[in-house]
1. Could I get the Rg over Rh figure for segment 37-184? Both from C-alpha atoms, Rh via Kirkwood, rounded to two places.
2. State, to one decimal in nm, how far the label point of GLN145 lies from the label point of THR260, with both points 7 Å from Cα in the Cβ direction.
3. Out of the chymotrypsin sites (Phe, Trp or Tyr not before Pro) in segment 160-213, which ones are loop residues according to DSSP with at most 10 other C-beta atoms within 10 Å?
4. Over all alpha-carbon pairs in segment 1-103, figure out the percentage whose distance exceeds 15 Å.
5. Could you provide, to the nearest whole Å², the per residue accessible area of segment 13-111 with probe 1.4 Å?
6. Among the chymotrypsin sites (Phe, Trp or Tyr not before Pro) within segment 36-112, which fall in a DSSP loop and have no more than 16 other Cβ atoms within 10 Å of their own Cβ?
7. Tell me the label-point distance for the pair CYS205, TYR77, using the 7 Å Cα-to-Cβ offset, in nm and rounded to one decimal.
8. Give, in nm to one decimal, the length gained when the segment between ASN251 and ARG132 is fully stretched (0.36 nm per residue of separation minus the Cα-Cα distance).
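The values are calculated or read from the model by the stated rules, or taken from the named source; none is laboratory data. Please read all numbers here as calculations on a predicted model, not as lab measurements. Don't worry about glycine lacking a Cβ; one is built from the backbone with ideal geometry, like all the others, and counts go over all protein chains shown. Surface areas here come from the heavy atoms of the whole protein model, side chains and all, with no ligands, DNA or RNA. Shrake-Rupley method; radii C 1.70, N 1.55, O 1.52, S 1.80 Å.
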Amino acid sequence: MDIETVTCLYFSPTGTTGTTAKEIARGMAGAQVKVLDCTRPAQRAKNTRAFRGDEIVILAVPVYYGRVPETAADYFYTLSGENTPAVLVVIYGNRAYDDALRELYDIASKRGFIPVAGGAFIGEHSYSTEKRPIARGRPDEKDLQKAREFGGLVRKKMEALDLLGAIKPLTVPGNVPYKEPEALYRVRSLRQTASFTPETDMALCTGCTLCADACPVEAIDRDDPATTDKGRCTLCFACVKVCPVQARAMNELSSGPAVTRIYESCQSRKEPEYYLPGP
(Lines give C-alpha, C1' and ligand atoms only; values in the text may rest on other atoms or scores of the structure.)
Protein backbone atom coordinates (compact mmCIF):
# COMPACT_ATOMS: atom_id res chain seq x y z
CA MET A 1 0.00 0.00 0.00
CA ASP A 2 1.22 3.46 -0.85
CA ILE A 3 0.92 6.19 1.76
CA GLU A 4 -0.30 9.25 -0.10
CA THR A 5 -1.72 11.32 2.75
CA VAL A 6 -0.65 11.36 6.39
CA THR A 7 -3.02 13.20 8.71
CA CYS A 8 -1.44 14.10 12.03
CA LEU A 9 -4.15 14.75 14.61
CA TYR A 10 -3.21 15.53 18.20
CA PHE A 11 -4.34 16.93 21.54
CA SER A 12 -1.33 18.74 23.01
CA PRO A 13 -1.82 21.35 25.75
CA THR A 14 1.91 21.84 26.47
CA GLY A 15 3.19 21.12 22.95
CA THR A 16 5.19 17.94 23.55
CA THR A 17 2.60 15.60 22.01
CA GLY A 18 2.31 17.74 18.89
CA THR A 19 6.08 17.93 18.50
CA THR A 20 6.46 14.15 18.67
CA ALA A 21 3.49 13.42 16.41
CA LYS A 22 4.79 15.73 13.69
CA GLU A 23 8.20 14.05 13.78
CA ILE A 24 6.52 10.65 13.34
CA ALA A 25 4.68 12.05 10.32
CA ARG A 26 7.98 13.38 9.01
CA GLY A 27 9.48 9.92 9.29
CA MET A 28 6.57 8.43 7.38
CA ALA A 29 7.36 10.78 4.48
CA GLY A 30 3.93 10.77 2.90
CA ALA A 31 3.30 12.69 -0.29
CA GLN A 32 1.04 15.03 1.68
CA VAL A 33 1.01 15.70 5.43
CA LYS A 34 -1.99 17.39 7.06
CA VAL A 35 -1.63 18.66 10.63
CA LEU A 36 -4.75 18.99 12.79
CA ASP A 37 -4.13 20.50 16.23
CA CYS A 38 -7.26 19.72 18.24
CA THR A 39 -6.17 21.07 21.61
CA ARG A 40 -8.57 23.98 21.96
CA PRO A 41 -12.39 23.87 21.80
CA ALA A 42 -12.65 25.88 18.58
CA GLN A 43 -10.14 23.58 16.89
CA ARG A 44 -12.01 20.48 18.02
CA ALA A 45 -15.29 21.90 16.74
CA LYS A 46 -13.73 22.64 13.35
CA ASN A 47 -11.96 19.31 12.97
CA THR A 48 -14.77 16.86 13.68
CA ARG A 49 -14.81 14.76 10.54
CA ALA A 50 -14.76 11.38 8.86
CA PHE A 51 -11.52 9.93 7.52
CA ARG A 52 -11.12 7.93 4.33
CA GLY A 53 -9.55 4.56 3.87
CA ASP A 54 -6.88 5.91 1.50
CA GLU A 55 -5.13 8.01 4.15
CA ILE A 56 -3.30 7.11 7.33
CA VAL A 57 -4.03 8.99 10.54
CA ILE A 58 -1.75 9.59 13.52
CA LEU A 59 -3.85 9.90 16.69
CA ALA A 60 -1.74 11.34 19.50
CA VAL A 61 -2.51 12.28 23.11
CA PRO A 62 -0.68 12.92 26.38
CA VAL A 63 -1.21 10.55 29.29
CA TYR A 64 -3.12 11.91 32.29
CA TYR A 65 -3.21 9.71 35.39
CA GLY A 66 -2.44 6.63 33.29
CA ARG A 67 -5.34 7.23 30.89
CA VAL A 68 -6.34 9.15 27.77
CA PRO A 69 -7.39 12.65 28.91
CA GLU A 70 -11.16 12.85 29.24
CA THR A 71 -11.34 15.90 26.97
CA ALA A 72 -9.38 14.12 24.24
CA ALA A 73 -11.38 10.90 24.61
CA ASP A 74 -14.66 12.77 24.25
CA TYR A 75 -13.36 14.46 21.11
CA PHE A 76 -11.96 11.29 19.52
CA TYR A 77 -15.36 9.65 19.94
CA THR A 78 -16.74 12.27 17.52
CA LEU A 79 -14.38 11.08 14.76
CA SER A 80 -15.08 8.27 12.36
CA GLY A 81 -12.84 6.21 10.13
CA GLU A 82 -13.87 4.22 7.10
CA ASN A 83 -11.40 1.38 7.68
CA THR A 84 -8.76 4.09 7.98
CA PRO A 85 -5.33 2.91 9.15
CA ALA A 86 -4.31 4.64 12.38
CA VAL A 87 -1.02 5.07 14.21
CA LEU A 88 -1.66 5.41 17.95
CA VAL A 89 0.70 7.55 20.03
CA VAL A 90 0.77 8.42 23.72
CA ILE A 91 3.20 10.82 25.41
CA TYR A 92 3.94 10.43 29.12
CA GLY A 93 6.07 12.24 31.67
CA ASN A 94 8.65 9.50 32.38
CA ARG A 95 6.49 7.76 35.00
CA ALA A 96 4.29 5.22 33.18
CA TYR A 97 1.65 5.18 30.49
CA ASP A 98 -0.37 2.43 32.21
CA ASP A 99 -3.54 1.74 30.17
CA ALA A 100 -3.54 4.86 27.99
CA LEU A 101 -2.31 3.19 24.80
CA ARG A 102 -4.82 0.35 25.17
CA GLU A 103 -7.61 2.85 25.79
CA LEU A 104 -6.63 4.81 22.67
CA TYR A 105 -6.59 1.54 20.72
CA ASP A 106 -10.12 0.75 21.86
CA ILE A 107 -11.43 4.23 21.02
CA ALA A 108 -9.90 4.11 17.54
CA SER A 109 -11.26 0.64 16.86
CA LYS A 110 -14.76 1.59 17.97
CA ARG A 111 -14.72 4.60 15.64
CA GLY A 112 -13.86 2.60 12.54
CA PHE A 113 -10.10 2.99 12.42
CA ILE A 114 -7.73 0.06 11.93
CA PRO A 115 -4.78 0.37 14.35
CA VAL A 116 -1.60 -0.47 12.44
CA ALA A 117 1.06 0.73 14.91
CA GLY A 118 1.42 2.10 18.42
CA GLY A 119 4.06 4.06 20.25
CA ALA A 120 4.71 5.42 23.74
CA PHE A 121 7.04 8.41 23.89
CA ILE A 122 8.29 10.70 26.65
CA GLY A 123 7.65 14.41 27.11
CA GLU A 124 8.44 16.80 29.93
CA HIS A 125 6.07 16.11 32.81
CA SER A 126 3.39 18.73 33.34
CA TYR A 127 4.52 19.07 36.96
CA SER A 128 8.17 19.64 36.05
CA THR A 129 9.76 22.81 37.43
CA GLU A 130 13.29 24.20 37.58
CA LYS A 131 13.53 23.10 41.22
CA ARG A 132 12.11 19.63 40.54
CA PRO A 133 12.72 18.75 36.88
CA ILE A 134 10.85 15.72 35.56
CA ALA A 135 11.91 14.66 32.04
CA ARG A 136 13.07 18.24 31.57
CA GLY A 137 13.52 19.23 27.93
CA ARG A 138 11.96 16.09 26.51
CA PRO A 139 11.31 15.22 23.80
CA ASP A 140 14.99 15.87 23.14
CA GLU A 141 16.84 15.23 19.89
CA LYS A 142 17.28 11.54 20.73
CA ASP A 143 13.51 11.23 21.26
CA LEU A 144 12.76 13.03 17.99
CA GLN A 145 15.13 10.73 16.11
CA LYS A 146 13.28 7.76 17.59
CA ALA A 147 9.98 9.31 16.47
CA ARG A 148 11.25 9.63 12.91
CA GLU A 149 12.56 6.05 13.00
CA PHE A 150 9.16 4.85 14.18
CA GLY A 151 7.49 6.71 11.31
CA GLY A 152 9.86 5.04 8.88
CA LEU A 153 9.06 1.60 10.28
CA VAL A 154 5.34 2.27 9.87
CA ARG A 155 5.87 3.32 6.28
CA LYS A 156 7.83 0.15 5.48
CA LYS A 157 5.14 -1.98 7.12
CA MET A 158 2.40 -0.34 5.08
CA GLU A 159 4.32 -0.49 1.80
CA ALA A 160 4.83 -4.23 2.28
CA LEU A 161 1.06 -4.79 2.27
CA ASP A 162 -0.99 -5.45 -0.85
CA LEU A 163 -4.25 -4.83 1.00
CA LEU A 164 -4.94 -3.28 4.40
CA GLY A 165 -7.03 -6.33 5.28
CA ALA A 166 -3.86 -8.44 5.12
CA ILE A 167 -2.30 -6.74 8.14
CA LYS A 168 -2.20 -8.78 11.32
CA PRO A 169 -3.95 -7.46 14.43
CA LEU A 170 -1.95 -5.01 16.53
CA THR A 171 -1.31 -5.83 20.18
CA VAL A 172 -0.53 -3.04 22.66
CA PRO A 173 0.01 -3.20 26.44
CA GLY A 174 -2.72 -2.26 28.88
CA ASN A 175 -5.57 -3.72 30.85
CA VAL A 176 -9.34 -3.79 30.62
CA PRO A 177 -10.98 -2.59 32.79
CA TYR A 178 -8.63 0.40 32.60
CA LYS A 179 -6.73 1.70 35.57
CA GLU A 180 -8.87 3.83 37.85
CA PRO A 181 -7.33 7.35 37.97
CA GLU A 182 -7.03 7.47 41.75
CA ALA A 183 -4.82 10.59 41.68
CA LEU A 184 -7.49 12.42 39.67
CA TYR A 185 -10.11 11.38 42.19
CA ARG A 186 -7.93 12.77 44.98
CA VAL A 187 -7.57 16.06 43.14
CA ARG A 188 -11.32 16.36 42.78
CA SER A 189 -11.74 15.59 46.46
CA LEU A 190 -9.11 18.17 47.46
CA ARG A 191 -10.87 20.80 45.40
CA GLN A 192 -13.78 20.66 47.80
CA THR A 193 -11.64 22.49 50.36
CA ALA A 194 -8.75 24.02 48.32
CA SER A 195 -8.33 25.52 44.87
CA PHE A 196 -5.72 22.96 43.68
CA THR A 197 -5.43 24.70 40.32
CA PRO A 198 -2.68 26.97 38.99
CA GLU A 199 -2.97 30.42 40.47
CA THR A 200 -2.08 33.86 39.08
CA ASP A 201 0.29 36.25 40.82
CA MET A 202 -1.32 39.53 39.79
CA ALA A 203 1.81 41.44 40.83
CA LEU A 204 3.57 39.70 37.91
CA CYS A 205 0.67 39.28 35.48
CA THR A 206 0.82 41.57 32.44
CA GLY A 207 -2.69 40.73 31.23
CA CYS A 208 -1.42 39.19 27.98
CA THR A 209 -4.14 36.43 28.20
CA LEU A 210 -1.80 33.79 26.73
CA CYS A 211 -2.87 31.52 29.59
CA ALA A 212 -6.52 31.79 28.58
CA ASP A 213 -5.63 31.17 24.94
CA ALA A 214 -3.63 28.06 25.87
CA CYS A 215 -6.25 26.45 28.10
CA PRO A 216 -7.80 23.44 26.28
CA VAL A 217 -11.04 23.64 28.27
CA GLU A 218 -11.48 27.44 28.53
CA ALA A 219 -11.18 27.37 32.31
CA ILE A 220 -9.43 30.76 32.58
CA ASP A 221 -11.38 34.02 32.42
CA ARG A 222 -9.82 36.19 29.70
CA ASP A 223 -11.03 39.35 31.43
CA ASP A 224 -9.73 38.22 34.82
CA PRO A 225 -6.81 35.75 34.54
CA ALA A 226 -6.82 35.32 38.32
CA THR A 227 -10.13 33.48 37.98
CA THR A 228 -9.90 29.81 37.07
CA ASP A 229 -12.87 27.46 36.93
CA LYS A 230 -11.50 24.63 39.09
CA GLY A 231 -14.28 22.31 37.95
CA ARG A 232 -13.07 22.58 34.36
CA CYS A 233 -9.31 22.72 34.99
CA THR A 234 -7.60 19.47 33.98
CA LEU A 235 -4.20 20.32 35.52
CA CYS A 236 -2.52 20.12 32.12
CA PHE A 237 -0.37 23.11 33.16
CA ALA A 238 -0.49 24.64 29.68
CA CYS A 239 -1.13 28.00 31.33
CA VAL A 240 1.96 27.63 33.52
CA LYS A 241 4.21 26.60 30.63
CA VAL A 242 3.06 29.41 28.33
CA CYS A 243 3.24 32.33 30.78
CA PRO A 244 6.16 34.57 29.72
CA VAL A 245 6.62 36.11 33.19
CA GLN A 246 5.99 33.04 35.40
CA ALA A 247 2.84 34.59 36.86
CA ARG A 248 0.98 31.25 36.79
CA ALA A 249 1.98 28.51 39.24
CA MET A 250 0.60 25.92 41.60
CA ASN A 251 0.36 26.81 45.26
CA GLU A 252 3.42 25.18 46.86
CA LEU A 253 1.57 24.25 50.04
CA SER A 254 -1.12 22.32 48.17
CA SER A 255 0.97 20.73 45.43
CA GLY A 256 4.48 20.40 46.91
CA PRO A 257 4.29 16.90 48.46
CA ALA A 258 2.63 15.36 45.40
CA VAL A 259 5.13 16.90 42.99
CA THR A 260 8.03 15.81 45.20
CA ARG A 261 6.80 12.19 45.16
CA ILE A 262 6.53 12.21 41.37
CA TYR A 263 9.93 13.89 41.01
CA GLU A 264 11.65 11.32 43.23
CA SER A 265 10.12 8.35 41.40
CA CYS A 266 10.73 9.53 37.83
CA GLN A 267 14.47 10.23 37.66
CA SER A 268 15.59 7.19 35.66
CA ARG A 269 15.36 7.99 31.97
CA LYS A 270 12.81 5.94 30.05
CA GLU A 271 12.94 5.42 26.31
CA PRO A 272 10.24 5.27 23.60
CA GLU A 273 8.53 1.97 22.89
CA TYR A 274 7.13 0.82 19.54
CA TYR A 275 4.42 -1.71 18.71
CA LEU A 276 3.91 -3.07 15.20
CA PRO A 277 1.95 -6.09 13.91
CA GLY A 278 3.85 -9.31 13.41
CA PRO A 279 5.23 -10.36 10.01
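1. Answer for segment 37-184: 0.97.
2. 3.8
3. Nothing satisfies the criteria.
4. 60
5. So segment 13-111 comes to 36 Å² accessible per residue, rounded to a whole number.
6. Of the chymotrypsin sites (Phe, Trp or Tyr not before Pro), the ones in loops of segment 36-112 whose Cβ has at most 16 other Cβ atoms within 10 Å are TYR77.
7. Calculated label separation equals 3.3 nm.
8. Full extension from ASN251 to ARG132 adds 41.4 nm.
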